[in-house]
Structures are given as C-alpha cells and as structure tokens.
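The values are calculated or read from the model by the stated rules, or taken from the named source; none is laboratory data. These numbers come from a predicted model, not from an experiment. Here the Cβ positions follow ideal geometry from the backbone for every residue, glycine too, while neighbour counts run over all protein chains shown.
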Amino acid sequence: MASSETALAADRKPRGIGPFLRSQMRNIAPFLTLIFLSLFFAFASPSFATLDNLGNILTQVSVTGIIAVGLTFVILCAEIDLSIASIANVTGIAVAYFTLQESYVNIANVPMPGAVAILLAILLCALLGLVNALGLTVIGIPSFIMTLAMMQIAAGISALLVRGQIAYKVPSLISTLGSGSIGGIPWIVIVAAIMLLAGHLVLTYTRFGRYVYMVGGNREAAEYSGLNVKLILGAVMVISAVCSGIGGMLGVAHFGSAQQNEFDTYLLDSIAAVVVGGTSLFGGRGGIGNTIVGLFVLGVLNNGLDHVNIDSFLKILIRGLILLAALVINVYAQRLREQTAD
Amino acid sequence: MPEGRSPILELQGITKSFGGVEALRGVDFALLPGEIHGLVGENGAGKSTLMKIIAGVHTDFSGRFLVNGQETRFRSARDAHAAGIAMVHQELSVAPDLTVAENVFLGNQPTNRLGIVQWRRMAREAGEQLARFGIDVDPMSRLGDLPIGLQQLIEIARVLFSGARIVILDEPTSALSPPEVERLFTTLRRLRNEGTGIVFISHFIEDILRVSDTVTVFRNGRKVAETASSATTKGALIEAMIGRGGEALEHSYTDDLSLPKPSDGPVVLKVDQLSLARSLRDISFEARAGEVLGVYGFMGCGQQELSRILFGKLKPDGGTLIVDGAPKTFASTAAARRAGVALVPESRRAMLFHQEPVYKNVSISILDRISALLLKPAREREIAQRQVEQLQIRPPVVGLDLGMLSGGNQQKVALARWLTYPPKLLVLCEPTRGMDVGAKNDVINIVRDLRAKGLAIIVLSTEPETVLSLADRILVLKRGTLVREFKNEPVSKDRLLEAA
C-alpha cells in the first residue's frame, strides 16, 4: 500500500503561498478591512487619528467587547445567542434594583449591601443562561429559537423590575469599574481587555477550549470521540449569559442609568463584531483574536462616521452593508477552506 | 418463458472505471419485457454500478446501450426517467416531513390548470395505489411517523406505480418483515405479467430464487453466470459469486477455516435481551477479553444500531448492557467512553476532524487524562507521534491536517485514537471497507495486537471476508435477530452466507 498512498497524500499537500492565503482568508480579510477603514478616516478627518480619539473608540467598544467574549464561545460551537442584549439589560437593572436608590426614584426596590447585589445579579444572568442551556441540550430547542424566547423573558423581567422607571444608583464597585478610570485609562476598557484575554486563554490553552473548537468543527465526530457534547454546549450558553450580565452591569454604570431597552443595539453589535472578525458561523474556526479585530472594525466605523460629517441615517445603511460584506466573506472563506482541506 | 421476445434494455460490453479501478469489465446485460431479472454478487462486484449506469446516474462509461433496440446515451437520471426507467436505491430516499400522498406523487403532483395541487385527488389516488399494494395507511399522515419498513414499501410503491416500464430495485427487502416481502413479491409478479421489466438486486438469495425468472451473477466487475432461476440452487449461486480457484488476489475464504476454542478471558460485555424498535429483537451475547467477536449480517440487519447502542449513541427500548460486571445505561457517548467502550463507526468521516491536525484527532479522547485544565500540546504530539510510527501512518507528520491523509491512513488515525485510550471493549464497524490489500493487512495486524493485549473486540461487517479474517467467534445477525453462532468449529464464506 505504502507507495501509492504516500504519493497520493503528498499530492494533496497544499503548499505554497496561494493555498496558505486562501486558508487564512478569514483572518486576513477583517484585518485589511480595519486598516483600510482606519486609513480612510485618518485622511478624511484630522480629528480621527488622535490618541484621544483612540481612547474614545476603546471606551465605545468596551461593553460590546465584554458581551462578545461569551458570544464568541457560542458561535464557535455553531450556535447562536440572541438573548445577550436582553440579559445584559436585565442584569444591569437587577444590580440597580438591589441597590438603595435616591428617594425620587419610584421603584419598589430591595436594597442590599453592594457585594450581595452584585452576587444576586450574577446569579440571575447565570440562571437565565442555564435555562438557555437546558432548552438547547435537554429539550432540544434550536438555540436560535430558544434564545429568541429568552430575549423576551429577560425583557419581561426587566420591565417588571423597573416598571417604566429609571434607576441611577449601582454598587460602588460597579460604578467605579463602569465609569471610573485609573491613570487616565477607563476601568471599563481594562475590564474588557482582561475578559477578552481570559477568553482567549481559555479557548487556546485549556481542555475546555479545545472541546469548544472540536464540537464546533464537527459535532458528530465530537460525539463519536466520546465528548459530552451537551455539557459543552450548555456551558457555552451559561458563559455567554454571564459575560452579557457583566457587560450589562458595567454598561449601566457607564451610561449612568438603568432602564428598559437600554441595550437593544448591543445584540446586533456583538454578533457583528464576532462575525465581522472572521469567526465562522458554521463553528470551529476563529476566536477571540478575530473578535477583537471585529470590535475595532465596528468601533472605527461607528466613530469614524461621526467624524466625517455624514447623514446619520446613511450611517445605519453603511453599517448594514459592511455587515453584509463580512457575511459574504465569512461564508466564502469557509468554502475555500473546505476545498483546500478535502 | 421469455423466449422470442426482444429485450427492452440491452447493454453490450460495458466498461466503467473509477479513478483507474475497473468496476465493470465488458459486461453484457439484457432485460426482457415481462421478466424479473435477479442480480447477485458480493459487495463491490459491480451490480450497483451497472444499475446506476442504467438509471442514468453514471454517464461516463464505454460500451453500447440500447433501449427498445435504439442506441441511447443518457446524460442524466432525468433522461433515464423520461425513457421509462425508475430505480429504488438501497438507501431510503423519502421526504419524511411530507405526507404519504405527497411522497407517492413526489415531483408530479396532480394539479389543475392554474398549477394548484389537487389535494383531494392526490390523496384518493395515492390511497388507491397503496391499497393495490396491500398497504392500508392514511394518505394524509406524515410519512416520517410510519415505521421504516412501511416507508420503504411506500417508496417502492411510488416507483412501481410511476408507470415506468423498467424498474430497478436495489436491496429492497432489507428493512421489510416477511409478510411485507410477500406483498412486494405479489406486486412484482403482477407488474411482470403486465409487461414491466424488473431488475431485482438482493443479498437474500432465497428471495432471488423465489421471485425472479432469470439470475445473473457478478464477480469482480464481470458477469460470470446467467441462468434460469428454476435451473439453479442457492449453493451453486454462492459458489459462482465467490468463485473457486485462484482468480482472487486475496485470501478468498472459500475453504473451511477452523475457529479456535473460545477465549476463557473474563466477560467484558454482556448483552441481554436487547431490542430497538424494528431494528433489533432480543439480542443476547457476551464478549470476552482477549477475543475478537465478529458480527456478520447483510446491510440493514441491525449491526449499525447495535454498535450505536454499545457506544451510548442510541438508547435501546429494552434489555440490559453489563460492562465489566456493572449494568450500564449510557446517557451519552461520554459515559460509554468512561466505562471503557470505544467505537470506530463505518464512516471515518463521522469520527474524525478533517480540518484539524492529526495529533488533535488522536488526543481528543484522552485529553482529560493528560491535562486537568491546561492543554499540553507537546505531550499530545509526542503520544500521537508514537502511534503514527507504530501504525506506520503516512506521511508521519502529526501536525498535518487530517484531510490531507489517504483513506487508509485516516482509518489508522481513527484506530490510533482508541489505542492511546485504551478501552476495555473496542467496537469496530467495517474496519477494512474500501481499503487496498496492504492497508487491510495493517489493520488486521493492529487488531490482533490489541487482542493479545487483552481487549475485547467486536467487529461488525457486511463483508464475510472482514469477519473471517479477524474473528475468533462469529455471530450472524439476520433482520434484527441473532440466528447463528460459529465457535470452535469450521466456518467458510459459504457457511456464513448460508446462515444469513
């Protein structure tokens, strides 16, 4: 057998720069997009390429970044979580609900010590994530539908807690992390950076991270390898919900208020960041590195469009088109890779 | 019989190769109107290839192809269909989410002038057709809710009543119960009497002899015999199928082989009264350490289901599994793995990660042992490297993406994964399917090594050679039940085929 099979295998070995570039397209394309956008805005507006503005961009993408960490895990497993923004919202509201508000705030809240409030809020988002996990793995509801339902449920809990009112106070730890800064660097940027780093380390260097990639890459094979696929899928749903919850708490502190529908735009932004960055919607390819590039693409785009004096309605359309382009690249890159591999 | 009639279908000197391997070599074949023509041969003998040429699936072949005496070349299955040729493929191809009636009329639903489907007419006609076939079922029920055998019957009914003048049935009876087979045969005979030409492929030689007028035998891509069914016997056909003499390159297992005395190693697996819906009934057996247990049976006999139950992928309806003395109900494949059971499914694709490097494919099942939390890639590579060298996987580069390896080497990677584990019970489905002789021998040697190390191994195959080359004890599975056990006695391919 040896000779013929070896020859065959050698033939199939794609070497050279062309196939390499093709297989790396999902990593290269977002990066080129980022460089192109940055250069474009730098030439179009003198106020864009400044250190101050870089700080702005970083702060603007922080909440999205924190939420996107968990979403990256979910998308790597070829699932989706549509409840991230709602869970962020309800967790932010919950932490305010358990904090003593000023007398003019008309909410029947339950004041607790700061640490307890934070703990309860985290428990809440973990619990909602667990419901997502059980729906997906035990009952077998597709994540798209399960998390769509959870989006409504979390929004409903938010509504019941604040009843159309606005809360302002959050525990001091949260308000420091959300709106304070140290040595000129906002805490929220530091938290986002730490969480992204932690996400990257887990995905790259831990056994769990490997399982996430394997389950995403070929779920059937993962099952035939004797992995507990349901446990892994459940875990990523909980991770996603907890990341969203942390993003929600810090977001509330950052915005200075907790109210209904505060995070609605973060659903699309987070999904866009992960996908624009090049993480495959079919699972198994990509990672936090991609998500970071995606965050910057979105951040630069949003921020840059403010600098170049553009019709704010056109801005929405442009964002939509960029997202579409990223999806085309995402699907195309997957196909190229499959061709190279087979 | 069919003397004096001119064939509705005639093929002359058909040769077809797949990537340099000849699947058919100069085959002549003729089908008369009003004839049921049985086709027998081992897996890979060329039966299905020939039928796919007739049905317009394979269009690239050499030789003459005549329909009603006219030389024809189909460019697609659609052309064949237009020429009145219909085929029931081996694998069920129905739309489970559509109704029975929609399935019967798939692709040509009755419509009115506006192109709107006439549901009532469709349901009525579907019901009538099925009733003629002896199937009593609500035409508006969802097909997927019916038992597999009934689904298969409905698919057959669709093809039989499509008005085709040439009907090809490839292994149509594998999922059918005996009364259902009877009904099918009655219908086939009636269609024959109405002038339809029918080709019937089956592993069940008794069925072929009962229903067909003529039998053709294939071996190694050649037609080796054609005779009237009434003039032959099961034994003669089996002999023609497997061929005496030195024609085959490989060991042909036609002569008696004596199985060794059963192992007296400890019982690793005890299966008791296992059943699964229509697939398995009352399966009981034991597998011992240091022994290779072969399970032989035709396609669809329930082997696949059995292997999946052992690995926790399917849940049985009844019966018990006892692994190492402890009763188990596996909630997941992970639970089966932890209990020491490993499975290599018949399709390598199903258990390997093609876009990941070889070493990750090897280490995936032992990660929990070599790393508590953090991965140790260097250690993974080292373990994989050792396996790659031991199993002579080519090329011996553990960092190469698995998809770049040839099929035989991929199969070795699949084995390598479980060798590093190592399990107490290793279940192998079709471990040598589609391999060349050298790779086959490599796999056989690996399995023997494992047996010597004291593993209990179960080999499930639809190829008698595979079972005969590996097993110390052989169980024969037929339509979901165990019908025969060979142990400490002579066995040969004839005897296996005879039992199945």
> Restricting to helices (runs of 4 or more DSSP H) lying wholly in segment B:43-139: which have 3 or more residues that are without any contact (Cβ under 8 Å) to a residue 40 or more places away in the chain?
Replying inline: B:77-82, B:119-132
>> Any residue at all in segment B:35-51 that's among the acidic types (Asp, Glu), farther than 22 Å from B:Glu22 by Cα, in contact with an Asp or Glu (Cβ under 6 Å, 6 or more places away or on another chain) and surrounded by 14 or more Cβ atoms within 10 Å (Cβ to Cβ)?
In response: yes
> Could you say which residue among B:Phe161, B:Phe200, B:Phe133 is within 30 Å of B:Leu24 (Cβ to Cβ) and not small (Gly, Ala, Ser)?
Replying inline: B:Phe200
> Taking the stated definitions as given, is A:Gly164 more than 14 Å from chain B (Cβ to nearest Cβ) and buried (at least 21 other Cβ atoms within 10 Å of the Cβ)?
Replying inline: no
> How do the pairs read when you match residues in segment B:343-365 that are facing another protein chain (nearest Cβ under 7 Å) with residues anywhere that are part of a loop (DSSP other than H, G, I, E, B) and among the polar types (S, T, N, Q), using Cβ under 6 Å and keeping only pairs 6 or more apart or on different chains?
Replying inline: B:Phe353/A:Asn218; B:Ile364/A:Ser225; B:Ser365/A:Ser225
> Which is assigned by TED's automatic domain parsing to the domain that holds B:Lys424 and touching a helix residue (DSSP H, G or I) at 6+ places or on another chain (Cβ under 6 Å), of B:Gly325, B:Gly318, B:Gly297?
Replying inline: B:Gly297
>> Quick check on segment B:366-378. Is at least one of its residues within 9 Å of chain A (Cβ to nearest Cβ), charged (D, E, K, R) and surrounded by fewer than 19 Cβ atoms within 10 Å (Cβ to Cβ)?
In response: yes
> Does B:Gly221 satisfy being crowded, with 21+ Cβ neighbours inside 10 Å, under 21 Å from B:Gly26 (Cα atoms) and not aliphatic (A, V, I, L, M)?
Replying inline: yes
>> Can you tell me which residue is surrounded by the fewest Cβ atoms within 10 Å (Cβ to Cβ) among those in segment B:379-414 that are hydrophobic (A, V, I, L, M, F, W, C) and facing chain A (nearest Cβ under 7 Å)?
In response: B:Met404
>> Please verify whether A:Leu21 is outside any loop (DSSP other than H, G, I, E, B), of a type outside the set (Ser, Thr, Tyr) and at pLDDT 80 or above, treating the condition exactly as stated.
In response: no
>> Just checking, does segment B:143-161 include any residue being at pLDDT below 85, more than 24 Å from B:Arg192 (Cβ to Cβ) and in a loop (DSSP other than H, G, I, E, B)?
In response: yes
> Taking segment A:300-315 as the region of interest, how many residues are hydrophobic (A, V, I, L, M, F, W, C), more than 20 Å from the chain's Cα centre (by Cα) and in a helix (DSSP H, G or I)?
Replying inline: 3
> Can you name the residue in segment B:328-342 that is in contact (Cβ under 8 Å) with a residue 40 or more places away in the chain and facing chain A (nearest Cβ under 9 Å) and, of all such residues, is nearest to A:Ile232 (Cα to Cα)?
Replying inline: B:Arg337
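Residues checked against (1) under 26 Å from B:Ala45 (Cα atoms); (2) buried (at least 24 other Cβ atoms within 10 Å of the Cβ):
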position: B:Ile457; (1), (2): no, yes
position: B:Leu460; (1), (2): yes, yes
position: B:Glu463; (1), (2): yes, no
position: B:Thr481; (1), (2): no, no
position: B:Leu496; (1), (2): yes, no
position: B:Ala499; (1), (2): yes, no
>> Please pick out the residue among B:Glu35, B:Glu128 that is among the charged types (D, E, K, R), out of contact with any Gly (no Cβ under 8 Å at 6 or more places or on another chain) and either at pLDDT below 85 or in the same structural domain as B:Gly197 (by TED's automatic domain parsing) (or both).
In response: B:Glu128
> Restricting the first residue to segment A:73-95 and requiring it to be touching a residue at least 24 places away in the same chain (Cβ under 8 Å), which pairs with a second residue that is assigned to a loop (DSSP other than H, G, I, E, B) and β-branched (Val, Ile, Thr) meet a Cβ separation below 6 Å and a spacing of at least six or different chains?
Replying inline: A:Ile75/A:Thr279; A:Val95/A:Val170
> Which ones in segment B:133-190 are crowded, with 16+ Cβ neighbours inside 10 Å, closer than 24 Å to B:Trp119 by Cα and among the acidic types (Asp, Glu)?
Replying inline: B:Glu155
>> Name the single residue that is surrounded by the most Cβ atoms within 10 Å (Cβ to Cβ) among those in segment A:213-246 being within 7 Å of another protein chain (Cβ to nearest Cβ) and either under 19 Å from A:Ser280 (Cα atoms) or in contact with an Asp or Glu (Cβ under 7 Å, 6 or more places away or on another chain) (or both).
In response: A:Met214
> Quick one: in segment B:174-198, which of the residues that are more than 22 Å from B:Leu477 (Cβ to Cβ) and not in a helix (DSSP H, G or I) is nearest to the chain's Cα centre (by Cα)?
Replying inline: B:Ile198
>> Please return the ranges of helices (runs of 4 or more DSSP H) entirely within segment A:186-263 where 3 or more residues are at pLDDT 95 or above, of a type in the set (A, V, I, L, M) and touching a Cys at 6+ places or on another chain (Cβ under 8 Å).
In response: A:229-255
